[in-house]
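Report on the following structure.
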Amino acid sequence: MADWIGVGTPTADRYREMAERDFRGVSPLYEHIALGVAADADLLRRLDSLPPVKRQPNLLLASVRFRGGPVDSYEDFAEFVRDRWQDVAATMLARRTQTNEPRRCTALLPALAALPQPLALLEVGASAGLCLCPDRMRYRYVDEAGAERVIGDAPVEVTCRVTGPVPLPARVPDVAWRRGIDLHPLDLGAEDDVRWLESLIWPGQDDRVALLSGAVSFFAADPPPVVAGDLTRDLVAVAGGAPEDATLVVYHSAVLAYLDETDRGRFRDQLAELRRRRTVVWLSNEAPGVAVDIAAPDGSRSFVLAQDSVPLAFASGHGDWLQWFDFSLR
Ligand SMILES: C[S@@+](CC[C@H](N)C(=O)[O-])C[C@H]1O[C@@H](n2cnc3c(N)ncnc32)[C@H](O)[C@@H]1O
């Protein structure tokens, strides 16, 4: 399993690092709780009774909220975890971090729209499939001068601040076929799955909660198809359903970081096998170093968008900003 989720790191360090690196400045409540866990010998002992991959801060915090527990004071949080440990641990064991952020489509849109249309979209690690519908959203891009550009016409609106020469298209892409693959697809029509998606959003990120709620209501009526499968094994078979006369795009965001090097290699093998059969465009939107070898900008927890391993832009991990590279400067 990948180091970035800290599997090889002592649990206290994982919580302290997450507090200082990710939660600080974004979710003060989670920062406070994660620092509390890092210093709580009893909670650490309980967490260490779980498999390493299940000790993740996001998983504990979401599981407590899923069970109705408090996250506004460390004392109340810790008391809840102690009192309800069997339930909290059961949720942590049964569920996984499957945050589905439709705003990540703001990074994908310029790249998708520049390809020969129509498109056949195959998203690996699709969760509930909210990033499988880049053509069914409205985009509001705002540049550094405050000028706005709206693309598309749909009830679900995603906003994004942009810098650099981002090639914003006139319209959303034309999608002829779409399919997601996930180890455990979430069902937009299942109350528990939707509550789990809500529980994964950090407290204080009310705009993300509102976006998720709007997206779930809109897409649940005609949910994007996500099949149960493993991206290291099933890519070629699922791609077999894509129409030949569309541009096949295999893409993913916030997924490969959950795979170890062996599994990332298996995914690349699947991609290579697929490429022996037909032309494929590969878009990755992952933390720097996960899919492409590039350093993160200083102090930023950004993703890098790349097309066939060529970096195009840095993007916010949750899609709210996009910094397109200026190739004319190279
Ligand atoms: C953090 S979520 C990201 C979801 C979505 N891509 C997004 O950007 O909103 C990662 C997803 O990858 C899925 N996943 C992890 N390993 C996988 C694998 N080997 N095959 C298929 N899906 C996988 C998880 O189940 C989870 O739903």
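Each reported figure results from applying straightforward, stated rules to the coordinates on display, with no laboratory input. This is a predicted model, so every value here is computed, not measured. When we count neighbours, we look across all protein chains shown, and the Cβ atoms used for this are built from the backbone with ideal geometry, even at glycine.
Overview of results
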quantity: Tensor-based shape of region 199-330 (alpha-carbon gyration tensor, a/c under 1.5 rounded, otherwise prolate or oblate); calculated: oblate
quantity: Length added when fully stretched, Gln205-Ala190, from 0.36 nm per residue minus Cα-Cα; calculated: 3.1 nm
quantity: Relative contact order computed over the chain (Cα-Cα under 8 Å; 6+ residues apart), in percent; calculated: 18 percent
quantity: Taking the C-alpha atoms of region 46-112, convex hull volume expressed per residue in Å³; calculated: 112 Å³
quantity: Pairs of Cα atoms farther than 30 Å apart, region 102-329, %; calculated: 19 percent
quantity: Relative packing of peptides 142-154, 35-47 - highest average C-beta neighbours within 10 Å first; calculated: 35-47, 142-154
quantity: Value at 222 nm in deg cm²/dmol, rounded to 500, when DSSP H runs of n ≥ 4 in the chain each add -39,500 (n - 2.57); calculated: -10000 deg cm²/dmol
